[in-house]
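What follows draws every value from the coordinates through simple rules; no lab data is involved. Only a predicted model underlies this, so the values are computations on that prediction, with no experimental measurement involved. With ideal geometry, Cβ positions are generated from the backbone for all residues, glycine too; neighbour counts draw on all protein chains shown.
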Amino acid sequence: MKIQILDPDVANQIAAGEVVERPASVVKELLENAIDAGASSILVEIQSDLAGITMIRVTDDGIGMSAEEAVLAFQPHATSKIRDITDLSQIRTLGFRGEALASIAAVAEVTLVTRPRDSGALAGTRVVVRGGEVIERGDVGAPEGTTVIVKSLFYNTPARRKFLKSRNTELAHIYGVAENLALAHGEVSIRVMHNGKERISTQRSGGLLNAIAGIYGAELARTLIPIDAKTPLLRISGYISQPAESRGNPSGISISINARSITARQIAAAIREGYGTLLPRDRYPVAFVDISLDTTLVDVNVHPTKREVRLSRESEIVSAIRDAVEETLAGCDLAHEVPIAPVQQRITADEPIPAQPVAEPEVAYAGHHRALSLSDRQLRRTEMPGEENLLPTMRPVGQVAATYIVAEGTDGALYLIDQHAAHERILYDQVAERRDAEPTTQELIMPAILSLPPRESAALRDLIPILGEEGFVVEEFGRDTFAVRSVPAGPGALEDPEGIRETIAEILAGTSRTGPDRREAVTCIIACRGAVKAGVRLTHDQQERLLAQLARTKTPWTCPHGRPTVVAFDKQRLDRMFRRT
């Protein structure tokens, strides 16, 4: 027969493949089970060698299990969270599908030790399962709560084990899981140890702000703005950053719905939209928010690992989140670090819009002068000899929105040049040429100190040798702290600590790239960071120098990302636009 029933072992391994992708998946499932069991304190212990993760142990002080429940918990679709189909529309627990322990045990050796809380039992239960089969069961002395030990992960699925990344990459994923759950559950103390060293530690009932400080540092926590807004549809609470504390990508936005940490691009976009023009288009805020919704509006059963959810009335929810962020920012003094209480009531059409402070003339002049000086330094660095001219002859006549240079061609054509994209192309060509010849480094007078959360620090440890090939000299400087002592030399050389931090952060965000792709990405990032910015006024002389440098590049018509640098309107097109033909 062509159609047959799969062998149970094969079916179990297929199911396990949907739930257990890597060691971090195991940590996520066990942490969620511990939180659902009412634990107030959870300890995650990771052991590894140079080859990878060798052991995961999760210990909690939750309600524990009886001997019969301990064995039953390893059966497929065994759960204490739901009873019938109506429960699926009212889920408030993190786990409910009954797949976690069964899926982990199908591809690993799992030892469970548990004793129920307040049961009066003197002994606990120990169950050992390997490849889905119970191989040992008995009584054991144990504290109240549950401990799960996972070893030999993917021992019977070598193809999946082969696709695991380096030890530091897998640790970074584990830390990311622990960080997200710690931020979503400030009422639970979560500690993560790696080879006996503490990597993450949050305090029970310390609150979200203390959890943020423990993971991301007190410096960031001090600048955050509390958000607490309620509408008939939802409540959003947590913290958002001031506009000055922004990132080059949305990885700093942490979202949970009903205390379930999730990935939701539409909600992250709504938070970003709430900042409006307070942030440049390519910048993203830092945010730690929980959205409380009626459970009937959220479908958490759309992804095997429950990483994504589906929202009913999504457009209304997104609009409410955007408005809440906008109104919170409108009620804050954004000129100082210490946040003030957020505005919880909506601003109506009859209420006056808060006045924005106007910069003093001296301050505005100083800022303008600094921008001109920076642009001048940037253009001086990219001044290279050469006679090649691949652009039509043109002369600049001004700027539009301090972003686009307006130029007139000798043939009567009108040209618009994106100043940032143009200088990015110039820098890219020069940095790539130096890189391919022989990378050189420029030592910093003062090292740039990077303090990173555990997830990013683990990823950076893996990246240090690769960064060294590109001209960055990075050394560990303490727990989750690194000193950048040298940067790539040349026209795109980074000088300010913030620029260096942003560059490293963008490189970390693209760690999935390998080999030539990673080198290309690093070159693009350096070129982007060192280029003249959009929104900066340039003198007539600076505009001329920029156009002359662009004309000497190999491909002056696009930036390294493929965006156009020059848009042309010939005289015939202009005549047609004004109906002169």
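A few points about this structure:
- Annotation for Gln47 and Trp557: the two label points, set 7 Å from Cα along the Cα-Cβ direction, are 6.2 nm apart.
- Sorted on the mean count of surrounding Cβ atoms within 10 Å across their residues, most packed first, peptides 413-424, 393-404, 28-39, 498-509 read 28-39, 413-424, 498-509, 393-404.
- Cα-centre dipole for the stretch 69-203 with unit charges at Cβ (Lys and Arg positive, Asp and Glu negative), debye to 20: 540 debye
- Glu136-Arg310 pseudo-label distance in nm [points 7 Å out on the Cα-to-Cβ vector]: 4.4 nm
- With the convex hull drawn over the C-alpha atoms of the chain, the volume per residue is 231 Å³.
- The three principal axes of the C-alpha atoms in the stretch 8-205 carry coordinate ranges of 44, 43, 39 Å, sorted with the longest axis first.
- Debye-formula intensities of the stretch 217-330, expressed as log10 I(q)/I(0) at q = 0.12, 0.24 Å⁻¹, are -0.39, -1.45 (one equal scatterer per alpha-carbon, no solvent).
- Gyration tensor (alpha-carbon) shape descriptor, the stretch 373-431, a/c threshold 1.5: oblate
- Convex hull per residue volume in Å³, alpha carbons only, for the stretch 371-567: 119 Å³
- Contour minus Cα-Cα distance for Ile464 and Arg92 (0.36 nm per residue): 129.8 nm
- Using alpha-carbon coordinates, inclination of helix 167-184 to the longest axis of the chain, degrees: 80 degrees
- Hull volume per residue, based on the alpha-carbon atoms of the stretch 30-112 and their convex hull, is 108 Å³.
- Signed unit charges on C-beta, dipole axis of the chain, positive-most listed residue Thr125, Thr59, Leu374: Leu374
- Using R0 = 56 Å, the C-beta based FRET efficiency linking Arg381 and Ala121 works out to 0.15.
- Charge-dipole axis of the stretch 371-567 as Lys and Arg at +1 and Asp and Glu at -1 on Cβ define it, positive-most pick from Leu391, Thr553, Ala402: Ala402
- Efficiency of FRET between Ser292 and Met193 - r from beta-carbon atoms, R0 51 angstrom, step 0.05: 0.95
- Ordering of 109-118, 276-285, 96-105 by packing [mean C-beta count within 10 Å, highest first]: 96-105, 109-118, 276-285
- Each Lys or Arg adds one and each Asp or Glu takes one away; over the other residues whose Cβ falls under 10 Å from the Cβ of Ala413, this sums to -1.
- Neighbour net charge for Pro447 - beta-carbon separation under 11 angstrom, K R +1, D E -1: -1
- Of all lysines in the structure, those lying under 18 Å Cα to Cα from Lys162, and not within fewer than 8 positions of it along the same chain, are Lys151.
- Think of it as helices only: each DSSP H run of n ≥ 4 in the chain is worth -39500 (n - 2.57), and spread over all residues that comes to -11000 deg cm²/dmol at 222 nm.
- Förster-model FRET efficiency, 41 Å R0, Arg573 and Ala218, C-beta, rounded to 0.05: 0.10
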